[in-house]
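Undergrad: Here it is, the structure, as structure tokens.
Rule-based calculations on the coordinates, nothing more; no lab input. Treat the numbers as computed from the prediction; the structure is a model and nothing was measured. Please note: Cβ atoms are built from the backbone with ideal geometry, for glycine as well, and neighbour counts cover all protein chains shown.
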Amino acid sequence: MQQLNTIIIILGASLGVLNFHKSIQFIVGLLFKSKIFPETEIKKRYGIVIPARNEEKVIGNLIESIHQQSYDQSLIDIFVVADNCTDQTADIARALGAHVYERFDETKKRKGWALEFLFNHIEKDYVITSYDAFFVFDADNLLDVNYIHEMNKAFVVNQNIVTSYRNSKNFETNWVSSAYAIHFYGRTVYNHRPRQLMGTGTHLAGTGFMISSHLIKDGWKYHSLTEDSELTMYMTADNIKIGYCEAAIHYDEQPTSFKVGFRQRVRWTRGRLVVFAKTWLLLFKGIFKHKSFTNYDMLFYIMPYPLLTFLLNIAYATASLVIGIWITKDFSWSAVLIGFGTYWGSSYVSNLVRAALIVFRERKQIHCSFYKTLFYVLVSPWFSLISIFLMIVALFGDVQWIPVEHKDNRKIQDIDLNGEILVAKTKKPLKLHDILQAIGLFVILLAVLAFAAIRYFDLFKLSLEVCFNYTLLPALPSGLLMIFIGIWMKKILDKKQKMVSQGE
């Protein structure tokens, strides 16, 4: 057993050394401000592409925010692919001046296929290279009034691919949307900002980026479940750095349902696994071929750490059973429980500290009451803690691309000139079902942490049974009960709202 622990420690230490640069990046992202690009007289011509599936509630708001840009409107064309739409998405986009192409193909339902279709039509009708670059947005996005102006400044310097600052439209809605928002704020702090300051390339995150027309002059070739990661890794392997412009802010709607979010992240997990399998060797070769730290960084960014954690846990549990029961005859369930309890407890604490630092660093971008924000930070570690379960489903489940319904119809007018979301207009009260779900999750996390701390530090000199009886035993059923009641209440409320809307 001692040898097994030694192996686990060596593996963990090796990964820690190989990923040490991430700690440096996190410190840089916390302490320093992002680079500001110089003003320029050069004005590029841009196409804006928007893949949309049944987005009639939000696409008009995005197009209106594009029309309100401070950039010269004569240098902007908007292209929309209404992908298998059954609502008024195409009509709304046309009425607002967009060039709309309708696509109906249920056999190829991913965003990548929709983009391929759209770029093929742009090439046929307008020629891709007649534009300097193309922006890619999701239909639920909103753009700060100076977004294209700032991105143009960055593109004049970069000339290839540039991504932007991803803010949240609906941080304040509930514990799900806030956890998503903290995740994306974190990407700014420990990925995009430090990479920009350190002169390395960064990654794309689905939306809010621009790509030079010369890189896609032959059309769009990225069709995986996570086409953004696929594009990132292939470009990085070809020694093309992705730049970052923090002054360009776009607002994104986050999921508010745990079920929807879980399903979406399973897709992300499967997609990243596939991309890793396809590109890890190219990235590894690129480290030496291009003498590129960006290739090294992206290799360890796309690496499936939840899979490694899952395999190590399975190996550790299996080896513990074999060694303890059949070899040393001293197997102890208490030791196993303490080990897993310590792992989950320490994971909660580390993710909580990281979330608190991220929220403090990005506090000017977060517009939510202090106590509500504090509560969301306390429960936010669930976003990372479920990664291993996401990996299990991604490995063994039937993963399909399912569109996420967007309902937040606030407009760019609901965001003032300083980028502050006008909470007085858009703030929604915290519903009882949200409170119940969040409290239930917090109770379970707190119990796991208490159990791990008491056993690991031998607090109060309690036996395993007594410790379990006073922490996990009361917390697990009560926490799960509150979560299920909250889910049940939300379903009833959604059903009533649907009936009311149908009645209207």
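Undergrad: Quick check: from the Cα gyration tensor, does the range 93-187 come out rounded (a/c under 1.5), prolate or oblate?
TA: Taking the square roots of the gyration eigenvalues as a ≥ b ≥ c, the range 93-187 is oblate.
Undergrad: Counting helices only, and only those DSSP H runs with n ≥ 4, report the 222 nm mean residue ellipticity of the chain as the sum of -39,500 (n - 2.57) divided by its residues, in deg cm²/dmol to the nearest 500.
TA: -18000 deg cm²/dmol
Undergrad: Another question, if that's okay. Would the range 185-315 count as rounded, prolate or oblate if I go by the C-alpha gyration tensor, calling it rounded below 1.5 in a/c and otherwise prolate when a/b exceeds b/c, oblate otherwise?
TA: Rounded is the answer for the range 185-315, as its axis ratio a/c remains below 1.5.
Undergrad: Give me the percent of Cα-Cα pairs in the chain that sit more than 38 Å apart, rounded to a whole number.
TA: Tail fraction, whole percent: 30.
Undergrad: Extension gain Thr107-Met499, at 0.36 nm per residue separation less the Cα-Cα distance, in nm?
TA: Taking 0.36 nm per residue and subtracting the Cα distance, the gain is 137.9 nm.
Undergrad: Report, in whole Å, the centroid distance computed from the Cα atoms of the range 360-400 and the range 237-266.
TA: Their Cα centres are 13 Å away from one another.
Undergrad: Same structure, new question: How many nm separate the modelled label positions at Gln73 and Ile36, each set 7 Å beyond the Cα in the direction of the Cβ?
TA: 2.9
Undergrad: Taking 30 Å as R0, compute the FRET efficiency from the Cβ-Cβ separation of Ala13 and Phe396 and round it to 0.05.
TA: 0.50
Undergrad: Another question about this same structure. Return a whole-number percent for the relative contact order of the chain, with Cα pairs under 8 Å and 6 or more residues apart as the contact set.
TA: In percent, rounded to a whole number, it is 17.
Undergrad: Out of all DSSP beta bridges in the chain, what portion is antiparallel? Express it as a percent rounded to 5.
TA: Given both bridge residues lie in the chain, the antiparallel proportion sits at roughly 30 percent.
Undergrad: Checking the a/c ratio against 1.5 first, then a/b against b/c, what shape does the Cα gyration tensor give for the range 166-224?
TA: On the way: a/c = 3.09, a/b = 1.54, b/c = 2.00.
Verdict is oblate for the range 166-224.
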